[in-house]
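Bear in mind that the values in this text are calculations on the coordinates, not laboratory data. Given the structure is predicted, the values throughout are model-derived calculations rather than measurements. Don't worry about glycine lacking a Cβ; one is built from the backbone with ideal geometry, like all the others, and counts go over all protein chains shown.
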Amino acid sequence: MKKFKKLVSLLIAIILVVSAISMSTTANSTTQKKHINKVTSSMTKNRNFKKLVKRLSTYCIGSSLGVSKKTITVKNNNKTRLSVAAYVRYGFNDDYSYTKKELKNTVFNLFGKKVKKIECYGFLGKNKYDYYDEDYIYTGGDLGNIFPIYSINKVTKKGKIYTVKVTGKIKYSYDKTIKKQCKITLKAKKNKKSSYKFVATSIKYRKCKGAV
């Protein structure tokens, strides 16, 4: 009888411990969701942050077109940052040719990094034509009837780093069709010297099924 009572007491104790752990986990999960929603809501209202995300998302959408590899990690090195800068200036400033100063400023505003030397790579090339005055030019193609669209799904913060989950889409001008192109993950941190007040620390995207 005593053994039975001890067994019952032990089972009750185990049940109470499991219940406490379950309640704690649920509470932590609820708190975490509220925190994520709060960060997402505040950051999607931040105009400077959205400008940075829009430019980098548009770059990911454009560079994903026609690429066979499904997942791309954009290297955060000098030549790749310059390529991104050229694409952003083309896409948002309607700018096809660049001076060294323009490229350096754009790289710093996007990444918070100084350019040690100009390296032609990706969307950036050396000007070999008489009809451009600047030393460097955009070497990518024109999107034609395709327009990039992006939407921020979630923003989380860990320490000083903000992680942004974005869906990249393309819209066809002739019939207004919208298709998912890629899932983008951007990481950024605050930088008062950048014109966006934030700079990117990493860029990654994964092409969606059926993407162009």
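Key figures
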read-out	value
Trypsin sites (Lys or Arg not before Pro) restricted to DSSP loop in segment 94-201 with at most 10 other C-beta within 10 Å	Lys114, Lys116, Lys117, Lys128, Lys160, Lys176, Lys192, Lys193
Centre separation in Å (Cα based) which lies between segment 161-203 and segment 96-146	20 Å
For a label point 7 Å along the Cα-to-beta-carbon line of Lys116, residues of segment 173-212 with backbone N under 15 Å	none
Residue among Tyr59, Thr73, Ser97 farthest towards the positive dipole end of segment 27-125, charges placed on Cβ	Thr73
Computed lengthening from Asn37 to Lys209, 0.36 nm per intervening residue step minus Cα-Cα distance	59.2 nm
Segment 42-174: Rg to Rh, with Rh as the Kirkwood radius over Cα pairs	0.97
Violating pairs (Cα-Cα greater than 24 angstrom) within the set Lys158/Lys190; Lys51/Lys101; Lys51/Lys193; Lys51/Lys128; Lys114/Lys207	Lys51/Lys128; Lys114/Lys207
Simple spin-label estimate for Lys171 and Ser68 in nanometres, 7 Å along Cα-Cβ	3.3 nm
As computed over segment 123-212, the Cα convex hull volume per residue (Å³)	152 Å³
In sequence order, calculated HN-Hα J values of segment 134-144 (Karplus, 6.51, -1.76, 1.60; Hz; x Gly/Pro)	7, 7, 10, 9, 7, 10, x, x, 8, 6, x
Cross-link table Lys100/Lys197; Lys69/Lys117; Lys45/Lys79; Lys45/Lys183, entries beyond 26 Å C-alpha to C-alpha	Lys69/Lys117; Lys45/Lys79
